[in-house]
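Below is one structure, written out as structure tokens; comments come after it.
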Amino acid sequence: MEQICISTTNHSPRGLEGNKRGWGGAQQCCGSQEAELWAHPPWPGLLCCSPSSLSAQDVLTQSPSVSVSLGQMAIITCSGEILSKAYTQWIQQKAGQAPVMVIYKDTDNRPSGIPDRFSGTNLGNTATLTISGARAEDEVNYYCPVSQCWVFGGGTQLTVLGQPKSAPSVTLFPPSSEELGANKATLVCLVSDFYPGAVTVAWKADGSSITQGVETTKPSKQSNNKYAASSYLSLSPDK
């Protein structure tokens, strides 16, 4: 039986610290198995207009990640032609919780309970969310849906630097006996307790990298402000 190895590398994100190489990691190995991926969409459609009225140009673009030092100002942008003809909202999405609107109608319109550290602007085809005095609890995903339309950006993960770094902990789960009996196998790798929230997961078989059949979830924040992600490897029965 060939040996399957998995290694993880924790990274400092692009941003104030620059594009750095990984600073910590872990590896575990086991026998040949298979895996699968869970897909987690952000949430169902928000405020909606008729999808048939939208064009190919009605898309919103966000940077996947933004980094800022603790206590500094975070700026998250969203761009698209549709922003010139509709209001922009900003949604804060914490892992395992319902989305929360922090800005509506472009500017400083904040729902009750949202601090004035959050503000927004919309100039032409670009909307901006500004967070003054970034805190650890601000380190979540932010989305920019357009009012009255089925259009929203892909989301931006905000990382607040200056918190203690933590290398990932790796746990490997074998397939169930029922799965093996059905000529299937699922190998699942849980990567947890790492910070910052950027990690690379690599699978290897007998020292050679495996790229086919590998899917890795986006890191999500744990209750301890560290991150977790899962990686899945799917192998054909002949492997």
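Coordinate-derived values only; no laboratory data. Since this is a predicted model, take the numbers as computed values, not measurements. We place every Cβ from the backbone using ideal geometry, glycine too, and count neighbours over all the protein chains shown.
Brief remarks follow.
- Local electrostatic count at residue 151 - Lys and Arg +1, Asp and Glu -1, tallied over other residues with Cβ under 14 Å: -1
- Lys-Lys pairs in region 83-222 that are eight or more residues apart or on separate chains and whose Cα atoms lie under 30 Å of each other come to 15.
- Sorting the segments 151-160, 116-125 by their residues' average number of neighbouring beta-carbon atoms within 10 angstrom, most packed first, yields 151-160, 116-125.
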